[in-house]
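Beneath this line is the structure, given in structure tokens, with notes to follow.
The values are calculated or read from the model by the stated rules, or taken from the named source; none is laboratory data. The model shown is predicted, which means the values in this text are computed figures rather than measured ones. For the accessible areas, the whole protein counts, side chains as well, though only heavy atoms, and no ligand, DNA or RNA atoms are used. Shrake-Rupley method; radii C 1.70, N 1.55, O 1.52, S 1.80 Å.
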Amino acid sequence: LAVVPLAATALTNARLFQTLKTREAELQSSEAKYRLVSEAMQEGVWLWDVAADRVEWNDRLLELMGVSRQNWGGQFSDYFDRVHPEDRERMSRALNDHLEHRTPYRIDLFRLRHEDGNYRWCATAGKAEWDEQGRVVRMAGSFRDVTDHKAANDDLRESEHRHRQILDSIEDMVFTKNEHLQVTWANAATCKYYGMTADELRGVGDVEHNEVENTKGYREDDRRVFETGLTVERTEEPNCARNGELRIFHTVKTPIKDTHQRVIELVGVSRDVTKRKRELDGQRLLAQASAILGASIEY
């Protein structure tokens, strides 16, 4: 009679053993997949066992720092010691806020010392895991080198700043508009003429003090640029200044296209030709008067 329970126990143990083996195999497979994905990524990846202060790093992260696994200490402090002294407090505060208050951990730009002694610009993000008592169990994160990207952005900003200074130095009004026919940017001459800042002009379709008929003509030209993708030119375009004075401009509006040749903006250049027009009108009037007087003289 005692044989049956023993047989049942043996069967149960065998099933339990098989289940454990299956779970172990699944765990090993899962870990192998994790390592494969981790090593295949272009970003550095780290997994921090907070309680044991033990960190796993993928090869890409070590490669980005220029160190070999044999010469790497493996503690989180080893990584943190490489952070630029001016960035450490900011990163430490962000990490503590995440671990204590669960705020998002993301540093878009900080400096990390490479093995060659130079600092590289990097970005990192991570997320911790807490147990039921609210204690930090582990934390995982990613890391990438953005030095080249930052250099390209710096060059772009420098180029934009240089071109903005050039456009602000000329007397012609230069402005851009979007598909809604609203101002997106204006140079210093445009701001001075309208008596508004660039921020105040941004989003404006029509200035309040302009004549309705004038405004109607501007919008028709704007639409033509967006609809046809062609440049529109007005040799004599009337415009009212803030003080009510009527000025005449020579305006050219040119489409700005994306890589698919779709018009996404227009750039306008307006030159004040009021004085020249008055001079030409005066010359024409004088010529006409001379002709009339000449024809009426009896010798």
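Quick notes on this one:
- Gain on full stretching of the segment that runs from R162 to D131 - 0.36 nm per residue minus C-alpha separation: 5.8 nm
- Exposure of K253 as accessible area (Å², to 10), given a probe of 1.4 Å and all protein chains: 10
- Computed over region 168-272: relative contact order in percent, which uses C-alpha pairs under 8 Å that are six or more apart: 28
- Rounded, prolate or oblate (a/c below 1.5 giving rounded, otherwise prolate when a/b exceeds b/c) for region 59-102 by Cα gyration tensor: prolate
- Global geometry of region 123-268, whether rounded, prolate or oblate, following the gyration tensor of its Cα atoms and the 1.5 cut on a/c: prolate
- Only protein atoms count toward the accessible area here, which uses a 1.4 Å probe; on region 174-236, the carbon and sulfur part of that area reaches 47 percent.
- Above-threshold pairs, the threshold being 26 Å between Cα atoms, out of K192/K253; K150/K177; K177/K216; K253/K275: K150/K177
- Mean sequence separation of contacting Cα pairs (under 8 Å, at least six apart), scaled by the length of region 37-110, corresponds to a relative contact order of 20 percent.
- Shape category assigned to region 46-123 from the gyration tensor of Cα positions, a/c cut at 1.5: oblate
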